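Have a look at the structure below before the remarks.
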Amino acid sequence: VKEFFIERVGSEIGQVMNFKQYYSLREEELERINRVQDFLIQSLSEKNRCIFKGSAGSGKTYVAMKKAMRLLEENKKTLFLCYNRELQDAVREHITKMTWKDYKKLKGKLDILTIHKLITDLLPHITTVYTKQLIEEDLFTNFNFTPAINALSKNFSKIPINYKYDAIIVDEAQDFEPEVWGLLSQFLKNIDDNIFYVFYDRSQAIFVSEFSPEKFGMDEKADTIVLKRNLRNTVEIANWLRGETEYGKYDDFSGIYGFNVTRHEYESIPKALGNAAQFIKKRYYEKGINPRQITILGTRRLDKIAPKAYTSEEGTFLKFEDEKISDEPFYIIQPNHLQEIPTILGSEKIEPTSYASYKTIRSFKGLESDIIILVAESLEDINQKRPDTYKNYLMDIYVGASRAKFKLYFFEYHKG
């Protein structure tokens with residue numbers, strides 16, 4: 001994969017440096033980062049309460065995973081919580097690879113869950129089937145955590161003892177509702193001595209409008225470690241983020257230069273998506289790039305922006321039958337879960353190089369991709385037509401664009 005990326009992409013999208021040198025620098029950089037993160041975890045081994053604050057790409061999730069693996073080695077039962085299902089799956093996959101252990105064998109020692117999964121696992125222990133259905137509907141349809149949190153808090157004594165932990169790690173903590181923090185403290189075996197680590201970025205608070213570490217009994221000044229360096233993006237992407245979105249205030253960059261951010265403008269959503277499909281197929285797949293290296297991100301679900309999209313139990317599909325794109329049908333697929341892509345390709349009889357993955361920015365939060373094509377409504381249009389939403393929209397763009405490791409395309413469309 002690396003060699004393909006070096007040989008094919010370098011000649012296709014305007015190389016500003018030797019790509020072999022890029023990967024060499026990247027690997028050296030990651031090795032240095034690895035040592036620094038190990039030292040950081042070791043130096044904080046005696047600290048039971050800690051807040052890690054850092055912008056997108058500053059290494060929060062990697063430090064969180066390293067801490068989880070260290071606690072696993074120390075035989076401390078740990079709960080690792082996040083917000084997105086995709087991030088949950090990615091963390092499980094990474095820790096499985098690093099520990100050489102199947103996740104099923106880690107369960108009970110290291111539980112990696114979304115907050116939604118934790119709540120739905122607990123509800124059968126404390127309520128009736130009917131009430132459980134009502135609470136889950138409120139949780140997943142209206143994103144209202146209050147009924148679930150209230151029910152669990154009032155009936156926590158009914159929850160089995162195996163839900164007590166020596167340590168809790170919360171990644172993407174800015175996404176959690178304030179009511180959650182009081183509940184989480186009850187999962188610790190000993191609230192005074194057990195470990196509670198929190199990782200967050202206020203610039204990515206796209207689910208919850210207010211976030212403060214004090215809500216879970218921590219002193220932001222005394223307990224905070226600030227991660228100041230952008231470790232994910234090239235200098236060009238990091239500079240674009242800072243200039244276009246006003247977010248991503250890093251003190252330092254990885255120092256690795258790559259490709260300029262490419263911006264295209266389209267008169268409609270279908271035009272933007274069609275060109276994204278053609279661009280991916282012709283520019284990348286026909287040059288040997290792996291589909292797993294590219295992700296299309298959008299602010300809304302595919303079925304909400306593409307009238308011709310159709311939905312199945314496995315996800316949403318937008319089919320292109322256009323010779324300009326490919327001699328065979330080409331699909332943009334928004335899977336319910338990225339891990340299900342191989343199953344989807346088999347059941348739908350789609351060739352491995354005849355699709356591109358699409359995810360909403362919010363569902364892809366916490367993840368990264370070598371190449372990101374961000375499809376979004378024109379920033380200028382949003383600012384002119386809906387100025388009251390512009391700041392929040394910029395935050396969405398920041399979160400989406402910061403997923404790109406090597407190359408970022410920004411496909412803007414005009415709506416109506």
Next item on the list: Working carefully through the options 77, 97, 101, find the one that is over 28 Å from residue 206 (Cβ atoms) and touching a residue at least 60 places away in the same chain (Cβ under 8 Å).
Entry: 77
Next item on the list: Filter the stretch 31-61 down to the residues that are part of a helix (DSSP H, G or I) and modelled with pLDDT of 90 or more, then identify the one that is surrounded by the fewest Cβ atoms within 10 Å (Cβ to Cβ).
Entry: 61
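Conditions (1) under 26 Å from the mean Cα position of the chain (by Cα); (2) among the hydroxyl-bearing types (Ser, Thr, Tyr); (3) under 16 Å from residue 79 (Cβ atoms), marked per residue:
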position	(1), (2), (3)
127	no, yes, no
155	no, no, no
162	no, no, yes
179	yes, no, no
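Given the structure, is residue 162 touching a residue at least 40 places away in the same chain (Cβ under 8 Å), surrounded by fewer than 13 Cβ atoms within 10 Å (Cβ to Cβ) and polar (S, T, N, Q)?
Spelling it out, residue 162 is indeed touching a residue at least 40 places away in the same chain (Cβ under 8 Å), surrounded by fewer than 13 Cβ atoms within 10 Å (Cβ to Cβ) and polar (S, T, N, Q).
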Next item on the list: Give the residues of the stretch 50-79 that are of a type in the set (A, V, I, L, M, F, W, C) and more than 22 Å from residue 232 (Cα to Cα), sorted by residue number.
Entry: 50, 71, 72, 79
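So is residue 269 among the hydrophobic types (A, V, I, L, M, F, W, C), under 21 Å from residue 397 (Cβ atoms) and under 21 Å from the mean Cα position of the chain (by Cα) or not?
The answer is no for residue 269.
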Check: With respect to residue 376, is the statement that it is under 19 Å from residue 233 (Cα atoms) and outside the structural domain of residue 175 (by TED's automatic domain parsing) true?
Finding: no
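Given the residues 257, 284, which is the only one that is in a loop (DSSP other than H, G, I, E, B) and either among the aromatic types (Phe, Trp, Tyr) or closer than 14 Å to residue 375 by Cβ (or both)?
The unique qualifying residue is 257.
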Next item on the list: Check off (1) crowded, with 18+ Cβ neighbours inside 10 Å; (2) out of contact with any strand residue (DSSP E or B) (no Cβ under 8 Å at 6 or more places or on another chain) for residue 186 and give me the number that stays unchecked.
Entry: (1)
Check: Is one or more of the residues making up the stretch 245-259 surrounded by fewer than 14 Cβ atoms within 10 Å (Cβ to Cβ), of a type in the set (Ser, Thr, Tyr) and at pLDDT 85 or above?
Finding: no
Next item on the list: Output the residues belonging to the stretch 59-74 that are of a type in the set (D, E, K, R) and either without any contact (Cβ under 8 Å) to a residue 60 or more places away in the chain or outside the structural domain of residue 195 (by TED's automatic domain parsing) (or both).
Entry: 66, 70, 73, 74
Next item on the list: Give 354, 312, 347 a once-over and let me know the one that is out of contact with any helix residue (DSSP H, G or I) (no Cβ under 6 Å at 6 or more places or on another chain) and surrounded by 15 or more Cβ atoms within 10 Å (Cβ to Cβ).
Entry: 354
Item checked: Pairs with Cβ under 6 Å, 6+ apart, first in the stretch 115-130 and surrounded by 19 or more Cβ atoms within 10 Å (Cβ to Cβ), second among the β-branched types (Val, Ile, Thr) -> 122/159
Note to self: Out of everything in the stretch 398-416 that is buried (at least 23 other Cβ atoms within 10 Å of the Cβ) and of a type outside the set (Phe, Trp, Tyr), what residue ends up being nearest to residue 258 (Cα to Cα)?
What the structure shows: 407
Item checked: Selection count where residues are crowded, with 17+ Cβ neighbours inside 10 Å and part of a loop (DSSP other than H, G, I, E, B), scope the stretch 77-103 -> 3
Checklist line | Given (1) surrounded by 15 or more Cβ atoms within 10 Å (Cβ to Cβ); (2) in a helix (DSSP H, G or I), number of the condition residue 375 does not satisfy | finding: (2)
Next item on the list: Give me a count of the residues in the stretch 293-320 that are touching a strand residue (DSSP E or B) at 6+ places or on another chain (Cβ under 8 Å) and either among the aliphatic types (A, V, I, L, M) or not in a strand (DSSP E or B) (or both).
Entry: 15
Notebook entry, point to check: How many of the residues in the stretch 281-309 are at pLDDT 85 or above, loosely packed, with under 14 Cβ neighbours inside 10 Å and farther than 30 Å from residue 390 by Cα?
Noted result: 1
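Residues are listed down the side, and each one gets a yes or a no for (1) touching a residue at least 60 places away in the same chain (Cβ under 8 Å); (2) within 30 Å of residue 64 (Cβ to Cβ):
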position	(1), (2)
222	no, yes
243	no, yes
266	yes, no
281	yes, no
291	yes, yes
309	no, no
Next item on the list: Would you be able to say whether some residue in the stretch 140-159 is farther than 19 Å from residue 111 by Cβ, in the same structural domain as residue 185 (by TED's automatic domain parsing), in contact (Cβ under 8 Å) with a residue 12 or more places away in the chain and of a type in the set (Gly, Ala, Ser)?
Entry: yes
Margin query: Residues that are modelled with pLDDT of 95 or more and among the hydrophobic types (A, V, I, L, M, F, W, C): does the stretch 319-330 have at least one?
Written below: no
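The values are calculated or read from the model by the stated rules, or taken from the named source; none is laboratory data. Worth saying up front: this structure is predicted, and the values here are computed from it rather than measured. A quick note on method: Cβ atoms are made from the backbone with ideal geometry, for glycine too, and the neighbour counts reach across all protein chains shown.
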